[in-house]
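In what follows, a structure is listed as structure tokens, so that the remarks can point back to it.
The values are calculated or read from the model by the stated rules, or taken from the named source; none is laboratory data. In this text, all values refer to a predicted model and were calculated from it rather than measured experimentally. Positions of Cβ are generated from backbone atoms using ideal geometry, with glycine treated the same way; all protein chains shown enter the neighbour counts.
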């Protein structure tokens, strides 16, 4: 089963969720993408550690056994949704494209996009996504 996690920038929430899913399930079925990636402010194909410079986030993930520093941002395209069994979106308005908002495969998670991923914010987001992930997998 292929699952796609989406957020605005594909730097924090969707990267975290996809890596967590793959770790929990022992698969590589989860992928991630961003709805705003490819804009001037959110370049595509950038290593998230170089663009999203918040060491607390990466350190937390590594403590959890997940290394994602070298992951690259990817732009959401309709084909990604077509190829996925489940799509989990954490993107918020106005960053939800029409092809995403009316799709029956899409599950919406309300996980806030923080202005800064401090240690505390990263941990709260991790715990929130972990709880939502447990519900998804059960």
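Does residue 10 meet the test of being in contact with a strand residue (DSSP E or B) (Cβ under 7 Å, 6 or more places away or on another chain), more than 15 Å from residue 100 (Cα to Cα) and without any contact (Cβ under 8 Å) to a residue 24 or more places away in the chain?
no
Looking at region 26-54 only, could you name the residues that are assigned to a strand (DSSP E or B) and either touching a residue at least 60 places away in the same chain (Cβ under 8 Å) or closer than 21 Å to residue 96 by Cβ (or both)?
Taking region 26-54 first, the residues assigned to a strand (DSSP E or B) are 30-34, 47.
30, 31, 32, 33, 34 - these are the residues of region 26-54 that are assigned to a strand (DSSP E or B) and either touching a residue at least 60 places away in the same chain (Cβ under 8 Å) or closer than 21 Å to residue 96 by Cβ (or both).
Within region 89-97, is even one residue more than 16 Å from the chain's Cα centre (by Cα), part of a loop (DSSP other than H, G, I, E, B) and at pLDDT 95 or above?
Within region 89-97 (the criterion being more than 16 Å from the chain's Cα centre (by Cα), part of a loop (DSSP other than H, G, I, E, B) and at pLDDT 95 or above), the answer is no, since none of the residues qualifies.
Whether any residue in region 102-113 is modelled with pLDDT of 95 or more, closer than 12 Å to residue 13 by Cβ, touching a strand residue (DSSP E or B) at 6+ places or on another chain (Cβ under 6 Å) and not in a loop (DSSP other than H, G, I, E, B) is what I want to check.
Within region 102-113, not a single residue is modelled with pLDDT of 95 or more, closer than 12 Å to residue 13 by Cβ, touching a strand residue (DSSP E or B) at 6+ places or on another chain (Cβ under 6 Å) and not in a loop (DSSP other than H, G, I, E, B).
Restrict the check to region 65-77 and report whether at least one residue is closer than 24 Å to residue 134 by Cα, touching a helix residue (DSSP H, G or I) at 6+ places or on another chain (Cβ under 9 Å) and not in a loop (DSSP other than H, G, I, E, B).
The answer is no, given that none of the residues of region 65-77 is closer than 24 Å to residue 134 by Cα, touching a helix residue (DSSP H, G or I) at 6+ places or on another chain (Cβ under 9 Å) and not in a loop (DSSP other than H, G, I, E, B).
Looking at region 119-138 only, could you name the residues that are loosely packed, with under 14 Cβ neighbours inside 10 Å and in contact with a helix residue (DSSP H, G or I) (Cβ under 6 Å, 6 or more places away or on another chain)?
119
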